[in-house]
Structure formats: C-alpha cells, structure tokens
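See below for the structure under consideration.
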C-alpha cells in the first residue's frame, strides 16, 4: 500500500471478546462458568484483550481521523489482566466468587503436557501484552474498560440462555 501511494490505516487487534465470541475466549468463558474451583489462583501472566465495542470504535476512529492515515496501531483495552483476574471478572459478572485454587502455573503446564494440551495451555497461560498508547495518543478512547466489558458480556450471555 505504501508503495502504491494509497492511504491506509492498519489496526492490529488482540484477542477480542464480546457477544457470540468464538475460539479461545469462548472456551475460557465456558470454563469460568463451570461450578467447580479452577487452578488459576497463582497465574500472574498478563493478557491484553479487546472488547468488540472498542474494536468497532477503533475502526470508526481510523476511518474518520486524518491523524490515523498511513499508520499502524495495536488495538487493545488499556489494562492487561492476569488469567486469575480474567476468571475472577467473568465469575463476578455472574455474581459468583472467584473460586481459584493456588496451583503453580508450572504444575498446570506439566498436567496440560501430559494430557496432550500443551499448546492450549501455552495460549491460555502465556503472556501477551499489546500497548494501545499510540492509538490513544492519536485520539482513540476505548468506550469500555475490560472488567466492565466482561460484566456486560456475561450479563448478555445469561440473558440469551434464559430467553
């Protein structure tokens, strides 16, 4: 695009969450909805996430803003969360306690490897932080904070199940 002289804006979103989300985040939501305690209490790996609403706002910003022309941006909610915080927030959205057991992540990795799920654990237990500061300096403001987005998401999911 640069060589062709065509104006562009590249948005590089991280893991997206929102209504009817699929993939890794959907599996994490299903896991958090289980009634039993989960072994993530000591998981301090931080993950950048992105509310679908915030992605839509970033796309609108990129289309409308001359400041975004010919730039590449990481798009993420501003505050990365640990796996323990993600599960806690999802369960709080359902009015539940965190229910997290203090299991060392290395032990979880060994168990995942023994069960043939090493790659799944790597995606879940790994760290991935993306900094949206450049996009925010250009003028984008995320509408939702991650915890607020989770509470909204869980409320919408519960309403869909009950209808």
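So the values come out like this:
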quantity	calculated
Qualifying residue in segment 87-100 (condition: part of a helix (DSSP H, G or I) and surrounded by fewer than 18 Cβ atoms within 10 Å (Cβ to Cβ))	yes
Segment 55-76 - residue that is touching a helix residue (DSSP H, G or I) at 6+ places or on another chain (Cβ under 9 Å) and surrounded by 17 or more Cβ atoms within 10 Å (Cβ to Cβ) and, of those, nearest to residue 125 (Cα to Cα)	76
Filter pass, residue 52 being in contact with a helix residue (DSSP H, G or I) (Cβ under 7 Å, 6 or more places away or on another chain) and more than 30 Å from residue 5 (Cα to Cα)	no
Residue under evaluation residue 141, criteria (1) within 16 Å of residue 49 (Cα to Cα); (2) surrounded by 12 or more Cβ atoms within 10 Å (Cβ to Cβ), criterion not met	(2)
Of all residues making up segment 11-26, the number that are loosely packed, with under 14 Cβ neighbours inside 10 Å, on the phi < 0 side of the Ramachandran plot and at pLDDT below 95	4
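The values are calculated or read from the model by the stated rules, or taken from the named source; none is laboratory data. Values in this document were obtained by computation on a predicted structure and should not be read as measured data. Every residue, glycine among them, receives a Cβ derived from its backbone with ideal geometry; neighbour counts consider all protein chains shown.
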